[in-house]
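Asker: Following this message is one structure expressed as structure tokens.
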Amino acid sequence: MPRSCIDARMTSSPPQTEILSHPQASDPVKSRSTEERFRALVSSVKDYAIFMLDPSGRIETWNVGAERTKGYSAEEIVGRHMSTFYTPEDLARGLPAVLLAEAAREGRVESEGWRVRKDGTRFWADVVITALFDDRGRLTGYAKVTRDLTEKVRAQQEQLRLAHAEEAVRLRDEFLSIAAHELRTPLSAVQLQLQSLLERPEGLDARTRAKVERACRSGERLVTLVDTLLDVSRITTGSFTLNPTCFDLTAAVQEVVERFREHAVRAGSTVTLRSQGPLEGFWDRLRIEQVVTNLLANALKYAAGTPAELVLQGTEREVTLLVSDQGPGIPESEWERIFRRFERAASMRHFGGLGLGLYVARQIVEAHGGEVHLARPEAKGAHFVVRLPRSIDTGRRG
């Protein structure tokens, strides 16, 4: 087959379709003009590397796409063997010779794999090698078309990585849910046994009572952690529900503050509540108390030794709760991060916990149609702002 026809056939949409040929023209001048146009077309293609090889695999032609893809100019690469583009691993197993032999035997071979550019970087290539024969059936060379699929492969790898990450998160959540359910019952039983010891008529000696009380406090903390894990499980599975009733938010917050009195004393802190009076609304009381508990616990944990303050204000349509401390505060760059699952406002090395309190608090508030965020305080410390509409849709899910 004439070389002009070979060049002409290489102008198709590689690598899947056959390489084009053009009809023979009876006019020699017209034929040469057509051949020149085909050569110009192949040479100008930028998205594919299209070039000719002799029967031994040495490069005979080179187009703009080949230079762009592989980094070599025509002067640098013509005459060199196509094995120049293969990785050491592929060279060790003789892949270039294998592909040429298969193309000569089958007429065409397609492969994908890593190839090497002039600067040593690798790219993922889709390669089609087509054997070329003359009218007598003798092998005259090969047409080689290479397409750079690196970006496509990287996108696929990223999709696969995200899929694996999502599956890992799903399995983790499933494990936490099962573990929390399995731990809840025995923990409750232990708590009941400890409480019964403290309530024995004959009483306990001071040393034993102190140990049992410490065990009770540890048990309460474990129960709280397990309940938090259960809440996260319900949130992630969409089974988290609210049970709204009408109640006074000021009274509810005051109860939480009273429960924290002893805790505050141990932390060397004081807790004060300021409110403009009764603030009634339609919320899930247990969940709102949980929000206040999580925010106040954070203040006493990270700002121990400093006073904490809660302020309640209301309008006709919404109520605002401010929870402030005078501790080291939280950098503004961290304000969104700390509301994510398993994130903490400070290093785990210095503070315990699962990093779920603020995540659960935000989910509860948003399930009520409200919002919780950090604001810049007038003085030092952290300043949490919770806004709640006076009412929500009954049974709204988080």
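Asker: Here's a check for you: in the range 158-185, which residue that is of a type in the set (S, T, N, Q) and modelled with pLDDT under 80 is nearest to SER233 (Cα to Cα)?
Answerer: As a first pass, look at the range 158-185 and keep what is of a type in the set (S, T, N, Q): 159, 177, 185.
Next cut, modelled with pLDDT under 80 only: 177, 185.
Working: SER177: 5, THR185: 17 Å.
Once the filter is applied, the top-ranked residue is SER177.
Asker: Follow-up. So which of ALA103, ALA155 ends up being hydrophobic (A, V, I, L, M, F, W, C), without any contact (Cβ under 8 Å) to a residue 40 or more places away in the chain, buried (at least 16 other Cβ atoms within 10 Å of the Cβ) and part of a helix (DSSP H, G or I)? Lay out the reasoning, then the answer.
Answerer: On the way: ALA155 fails: buried (at least 16 other Cβ atoms within 10 Å of the Cβ).
Of ALA103, ALA155, the one residue that is hydrophobic (A, V, I, L, M, F, W, C), without any contact (Cβ under 8 Å) to a residue 40 or more places away in the chain, buried (at least 16 other Cβ atoms within 10 Å of the Cβ) and part of a helix (DSSP H, G or I) is ALA103.
Asker: Restricting to the range 186-213, count the residues that are surrounded by fewer than 11 Cβ atoms within 10 Å (Cβ to Cβ), of a type in the set (Lys, Arg) and either modelled with pLDDT of 80 or more or part of a helix (DSSP H, G or I) (or both).
Answerer: Residues in the range 186-213 being surrounded by fewer than 11 Cβ atoms within 10 Å (Cβ to Cβ), of a type in the set (Lys, Arg) and either modelled with pLDDT of 80 or more or part of a helix (DSSP H, G or I) (or both): 1 in total.
Asker: Please verify whether ARG68 is modelled with pLDDT under 95, assigned by TED's automatic domain parsing to the domain that holds PHE133, within 19 Å of ASP119 (Cα to Cα) and not in a loop (DSSP other than H, G, I, E, B), treating the condition exactly as stated. Explain how you work it out, then say what you get.
Answerer: Values: modelled with pLDDT under 95: yes; assigned by TED's automatic domain parsing to the domain that holds PHE133: yes; within 19 Å of ASP119 (Cα to Cα): yes; not in a loop (DSSP other than H, G, I, E, B): yes.
When the stated conditions are applied, ARG68 passes them.
Asker: Considering each of VAL319, VAL271, VAL291 in turn, give the residue that is more than 37 Å from the chain's Cα centre (by Cα) and of a type in the set (Val, Ile, Thr).
Answerer: Details: VAL319 fails: more than 37 Å from the chain's Cα centre (by Cα); VAL291 fails: more than 37 Å from the chain's Cα centre (by Cα).
Exactly one residue qualifies, and that residue is VAL271.
Asker: Just to be sure I understand, how many residues within the range 359-398 are within 23 Å of LEU242 (Cβ to Cβ), modelled with pLDDT under 90 and not in a strand (DSSP E or B)?
Answerer: Initial filter on the range 359-398 (within 23 Å of LEU242 (Cβ to Cβ)): 359-373, 384-398.
Next, only the ones that are modelled with pLDDT under 90 stay: 359-360, 391-398.
Now drop any that are not not in a strand (DSSP E or B), which leaves 359-360, 391-396, 398.
Qualifying residue count, the range 359-398: 9.
Asker: Only one residue in VAL109, VAL128 is surrounded by 15 or more Cβ atoms within 10 Å (Cβ to Cβ) and free of Cβ contacts under 8 Å to residues at least 60 places away in the same chain. Which one? Can you show your working first?
Answerer: Values: VAL128 fails: free of Cβ contacts under 8 Å to residues at least 60 places away in the same chain.
Every option except VAL109 fails the conditions.
Asker: While we're on this one: Restricting the first residue to the range 293-319 and requiring it to be in the same structural domain as GLU258 (by TED's automatic domain parsing), which pairs with a second residue that is hydroxyl-bearing (Ser, Thr, Tyr) and in a strand (DSSP E or B) meet a Cβ separation below 6 Å and a spacing of at least six or different chains?
Answerer: GLU309/THR272; GLU309/SER324; LEU312/SER275; GLN313/THR320
Asker: Being closer than 18 Å to TYR359 by Cβ and in a loop (DSSP other than H, G, I, E, B) is the filter; apply it to the range 322-341 and report the residue that is farthest from the chain's Cα centre (by Cα).
Answerer: Among them, the one singled out is ILE330.
Asker: Give me the residue from the range 220-275 that is in contact with a Ser or Thr (Cβ under 9 Å, 6 or more places away or on another chain), in a helix (DSSP H, G or I) and of a type in the set (Gly, Ala, Ser) and, out of that set, modelled with the lowest pLDDT.
Answerer: SER233
Asker: Evaluate the following for VAL271: is it in contact with a helix residue (DSSP H, G or I) (Cβ under 7 Å, 6 or more places away or on another chain) and closer than 23 Å to VAL323 by Cα? Reasoning before the result, please.
Answerer: Working: in contact with a helix residue (DSSP H, G or I) (Cβ under 7 Å, 6 or more places away or on another chain): yes; closer than 23 Å to VAL323 by Cα: yes.
Yes: the conditions hold for VAL271.
The values are calculated or read from the model by the stated rules, or taken from the named source; none is laboratory data. In this text the structure is predicted, and so the values were computed from the model without any measurement. Cβ sites come from the backbone with ideal geometry, for glycine too, and all protein chains shown count toward neighbours.
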